[in-house]
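These notes concern the structure reproduced below.
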Amino acid sequence: MASLLQLFWSFFKIGTFTLGGGYAMIPLMEKELVDKHQWITHEEFLDVIALAQTMPGIFATNMAVHIGWRMRGVPGAVIALLGNILMPILIILALAMSLHYLQGNAVVEAVFKGVRPVVVALIAAPVFRMAKTAKISRYNFWIPLLAALLIWLLGVSPIWVILIAGFGGFVYGKYLEKKEVPS
């Protein structure tokens, strides 16, 4: 069981060293919470990601609150949230106060251009780990691929994709999967 200080410190590190928002935070969270401390399993981590995505609000804070609550109840949720948002808030305040001086600075613009590809990699890396945890195989890889293409290329609302996938999973589990299992 994690202490409140351990929870705060873990989420403080995650919030401090994440560039690019909530999805870029996934690899750091997984390393800290699953691999290092083993507070939750890979499967539970995947479930928390799915839950955090469905809830309104900021993805990273939803994850922090949920994991903190699982570990230590309401105090854990509050401490994990504070740890997660403290440094980003301080950084945003510092940037906002110095924005006038940073605008048009070639060095600052170059730094941000250099960070962009890293953020893409930070977001892409957990996709492959999550696919393995979610048991994506050569038989069902087309499902997330089709969902991504429908949303990205055709502009289909993610809500429709989720509803259709949920209905498809229900039909498969209720009718088709039973026919495949020998009696």
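Derivation of every value follows stated rules applied to the coordinates shown; laboratory data play no part. Everything quoted here is computed from the prediction, not taken from an experiment. FYI the Cβ positions are ideal-geometry reconstructions off the backbone, even for glycines, and counts take in every protein chain you see.
For a Förster distance of 25 Å, can you work out the FRET efficiency between the beta-carbons of Leu90 and Ala121, rounded to the nearest 0.05?
Details: r = 26 Å, r/R0 = 1.02.
After rounding to 0.05, the efficiency reads 0.45.
The distance between label points at Ser98 and Lys174 comes to 5.9 nm (points 7 Å beyond Cα on the Cα→Cβ vector).
State the three equivalent ellipsoid semi-axes of the stretch 20-95, derived from the C-alpha gyration tensor as the square roots of 5 times its eigenvalues, in descending order and whole Å. Write down the numbers at each step before the final one.
Working: eigenvalues 78, 38, 33 Å².
Equivalent ellipsoid of the stretch 20-95: 20, 14, 13 Å, largest first.
Each principal axis of the Cα atoms in the chain has its own extent, and those three values, largest first, are 69, 43, 26 angstrom.
Each Lys and Arg contributes +1 and each Asp and Glu -1, all at the Cβ; summed about the Cα centre of the chain, the dipole is approximately 240 debye. For the stretch 13-88 versus the stretch 116-178, the spacing of their alpha-carbon centroids is 22 Å.
Listed by chain and number, the lysines whose C-alpha is less than 22 Å from the C-alpha of Lys174, apart from same-chain residues fewer than 8 away, are Lys135.
Quick check: residue separation of His37 and Leu51 times 0.36 nm, minus the Cα distance between them. What number comes out in nm?
Values: separation 14, 0.36 × 14 = 5.04 nm, distance 2.12 nm.
In short, 2.9 nm is gained.
When each of the peptides 45-54, 135-144, 100-109 is scored by how many other beta carbons lie within 10 Å of its residues on average, the order from highest to lowest is 45-54, 135-144, 100-109. The stretch 137-183 has equivalent-ellipsoid semi-axes of 26, 13, 5 Å, by the square roots of 5 times the alpha carbon gyration tensor eigenvalues, sorted largest first.
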